[in-house]
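The structure appears below as structure tokens.
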Amino acid sequence: MDIKKIAQDLFDREICELEKVKNKISDSLEIVVNLILESKGKVVITGIGKSGIIGKKIAATLASTGTLTVFMNSAEGLHGDLGMINKNDIVIAISNSGNSDEVISIIPSIKKIGATIVAMTANPNSRLGKESFAVLDIGVEKEGCPLNLAPMSSTTSTLVMGDALAAVLIKARNFKPENFAVYHPGGSLGRRLLMKVRDVMHKDLPIVKLRSDMDTIIMTMTKKRLGLVCVVNNEKLLGIITEGDIRRALKMKDKFFDMNAEDIMTKNYTSATEDIMALDALELMENRESQISVLPVLKDEKVVGVVRIHDLLNVVGK
């Protein structure tokens, strides 16, 4: 048995079917998008079985990208969950056949409530299709299953149609990464998109004066352990001294301990403000000819913090 070949054949069959479904996209998608954009209610996704499982994922995607969306199992709808639907809502009912008993059974009640029904089905001429305001055709000719029995291509096409709907709505709403972050505050994703430099910078600063000697510079750098010292005069940052600056100064052994901060500091330093995103600060440090590992953080030319590259990597990851 050629396991790799079987798996690749499955991919080929499903990709082929997705191409066919893509070519079925019609003005109905535009109708559904406009319904959602103009709606004063929410979107309710409903389905049963594997269609219900896919429906949960579609509902989660829509909800996380700015569309108020909930999932309702069609069978539970028959036993009270229809109470979550109101007349301003749009109900997207998923049924590959368009004749699933549980889905069909709740249609009269949904219509009585006054909500708008949209079908996601492979059979536009089914009962569900005929009862709906608009139909998104997800019909495939063959399942990915070698026996052409288990729902594979059909569930994939349903999922991708839901993703297509979400993608259009993201564009229509001008939904931005910072909006996305609001719905994902936990975990690495939330940190990547929400964290600012002020949230990770060190405020206990290694500061020396313009005429500070090498002993003072080295002791200050060692004590604060941030990889640099800030050379300050009247709270204004004049330059920074990094470990690299110290190593370069050591090449002049005879003069090393006669030097002061002004002699070895970097005047044309790169800095950040406390309001920029941590992810942007990381890009600032990495996307340059010579990568830097530490940044002074300024506010009105005054140094208010220091941020290190591994602080940023711990927060936003890569």
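The values are calculated or read from the model by the stated rules, or taken from the named source; none is laboratory data. Only a predicted model underlies this, so the values are computations on that prediction, with no experimental measurement involved. Here the Cβ positions follow ideal geometry from the backbone for every residue, glycine too, while neighbour counts run over all protein chains shown.
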>> Can you find a residue that is in the same structural domain as Leu298 (by TED's automatic domain parsing), more than 23 Å from Glu301 (Cβ to Cβ) and in contact with a helix residue (DSSP H, G or I) (Cβ under 7 Å, 6 or more places away or on another chain) anywhere in region 259-277?
In response: yes
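For region 135-164, which residues satisfy the criterion of being of a type in the set (S, T, N, Q) and in a helix (DSSP H, G or I)?
Ser153, Ser154, Thr155, Thr156, Ser157, Thr158
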> Looking only at residues in region 1-34 that are of a type in the set (Lys, Arg) and outside any loop (DSSP other than H, G, I, E, B), which one is farthest from the chain's Cα centre (by Cα)?
Replying inline: Lys5
>> So, Gly227, is that one modelled with pLDDT under 90 and within 34 Å of the chain's Cα centre (by Cα) or not?
In response: yes
> If only one of Thr46, Thr69, Thr61 is under 23 Å from Lys111 (Cβ atoms) and under 23 Å from the mean Cα position of the chain (by Cα), which one is it?
Replying inline: Thr69
> Pairs, please: C-beta under 6 Å, at least 6 apart or cross-chain, first residue touching a residue at least 40 places away in the same chain (Cβ under 8 Å) and in region 1-18, second crowded, with 16+ Cβ neighbours inside 10 Å and in a loop (DSSP other than H, G, I, E, B)?
Replying inline: Leu10/Gly144; Arg13/Gly144; Glu14/Gly144; Glu17/Val140
> Which members of region 238-250 meet the condition of being crowded, with 20+ Cβ neighbours inside 10 Å and among the aliphatic types (A, V, I, L, M)?
Replying inline: Ile240, Ile241
> Which condition does Leu37 not pass, out of (1) surrounded by 14 or more Cβ atoms within 10 Å (Cβ to Cβ); (2) assigned to a helix (DSSP H, G or I); (3) in contact (Cβ under 8 Å) with a residue 60 or more places away in the chain; (4) under 26 Å from the mean Cα position of the chain (by Cα), if it passes all the others?
Replying inline: (1)
>> Tell me whether region 46-57 contains one or more residues that are crowded, with 17+ Cβ neighbours inside 10 Å, aliphatic (A, V, I, L, M), closer than 20 Å to Phe133 by Cα and at pLDDT 95 or above.
In response: no
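Determine whether region 56-68 contains at least one residue that is touching a residue at least 40 places away in the same chain (Cβ under 8 Å), of a type in the set (Lys, Arg), under 23 Å from Ser97 (Cα atoms) and not in a helix (DSSP H, G or I). Full working, then the answer.
Here is the first cut: in region 56-68, the residues touching a residue at least 40 places away in the same chain (Cβ under 8 Å) are 57-58, 61-67.
Imposing the further condition that a residue be of a type in the set (Lys, Arg) reduces the set to 57.
This time we only want the ones that are under 23 Å from Ser97 (Cα atoms), so: 57.
Checking the rest, the ones that are also not in a helix (DSSP H, G or I) come to none.
Among the residues of region 56-68, not one is touching a residue at least 40 places away in the same chain (Cβ under 8 Å), of a type in the set (Lys, Arg), under 23 Å from Ser97 (Cα atoms) and not in a helix (DSSP H, G or I), which makes the answer no.
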>> Looking at Ala172, Ala164, Ala134, Ala150, can you tell me which residue is surrounded by fewer than 17 Cβ atoms within 10 Å (Cβ to Cβ), more than 29 Å from Asp12 (Cβ to Cβ) and of a type in the set (A, V, I, L, M, F, W, C)?
In response: Ala172
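Residues to consider are Glu19, Glu14; find the one that is crowded, with 20+ Cβ neighbours inside 10 Å, closer than 25 Å to Asn148 by Cβ and of a type outside the set (S, T, N, Q).
Glu14
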> Listed residues Val91, Val140; which is surrounded by 23 or more Cβ atoms within 10 Å (Cβ to Cβ), in contact (Cβ under 8 Å) with a residue 60 or more places away in the chain and closer than 22 Å to Ile25 by Cβ?
Replying inline: Val140
> Would region 117-126 turn up any residue that is modelled with pLDDT of 95 or more, farther than 24 Å from Phe175 by Cα and surrounded by fewer than 17 Cβ atoms within 10 Å (Cβ to Cβ)?
Replying inline: yes
